[in-house]
Amino acid sequence: QVQLVESGGGLVQDGGSLRLSCAASGRTFSSYRMGWFRQAPGKEREFVAAINWTSGRTYYADSVKGRFTISRDNAKNTVYLQMNSLKPEDTAVYYCAAQKFGSGTYYTGYDYWGQGTQVTVSS
């Protein structure tokens, strides 16, 4: 299967920026959709952003639109999440995910998941 490893999490101040990375290995394909999800304590996992690997089309949750940017580097087989204007409400464990093309929608139905990286935004 596909292995996903997130990195780049940490502690930042309200209004700060952070860039998360997700390196993919294993049996990866260019027809995958890559996504970012997050989960705060006591809450369900929620969709954050996604990108179609081949076309580059992006999708964002309303809560992060205008502040977060998802991108990918084909040569490094890596997807990024640039997070700007961070707020305490963004505090959560952020997960990278991969979806086989045609197996789901941009916000649900992902097949592979990373271990997660903690993002904490202080008020």
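The values are calculated or read from the model by the stated rules, or taken from the named source; none is laboratory data. As the structure is a prediction and not an experimental result, all values here were calculated from the model. Cβ sites come from the backbone with ideal geometry, for glycine too, and all protein chains shown count toward neighbours. For accessibility, only protein heavy atoms count, side chains too; no ligands or nucleic acids. Shrake-Rupley method; radii C 1.70, N 1.55, O 1.52, S 1.80 Å.
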Looking only at the range 75-85, count every residue that is open to solvent by 70 Å² or more (accessible area, probe 1.4 Å) and either outside any loop (DSSP other than H, G, I, E, B) or touching a residue at least 40 places away in the same chain (Cβ under 8 Å) (or both) and tell me the total.
1
Does E44 qualify as being charged (D, E, K, R) and in a loop (DSSP other than H, G, I, E, B)?
yes
So, first residue closer than 14 Å to Y94 by Cβ and open to solvent by less than 60 Å² (accessible area, probe 1.4 Å) in the range 109-120, second residue among the hydrophobic types (A, V, I, L, M, F, W, C) and not in a strand (DSSP E or B), Cβ within less than 6 Å, six or more apart or across chains; the pairs are none
Would the range 86-95 turn up any residue that is over 14 Å from the mean Cα position of the chain (by Cα), surrounded by 14 or more Cβ atoms within 10 Å (Cβ to Cβ) and basic (K, R)?
yes
What number goes with the only condition from (1) part of a strand (DSSP E or B); (2) farther than 26 Å from Q1 by Cα; (3) modelled with pLDDT under 95 that A24 does not pass?
(2)
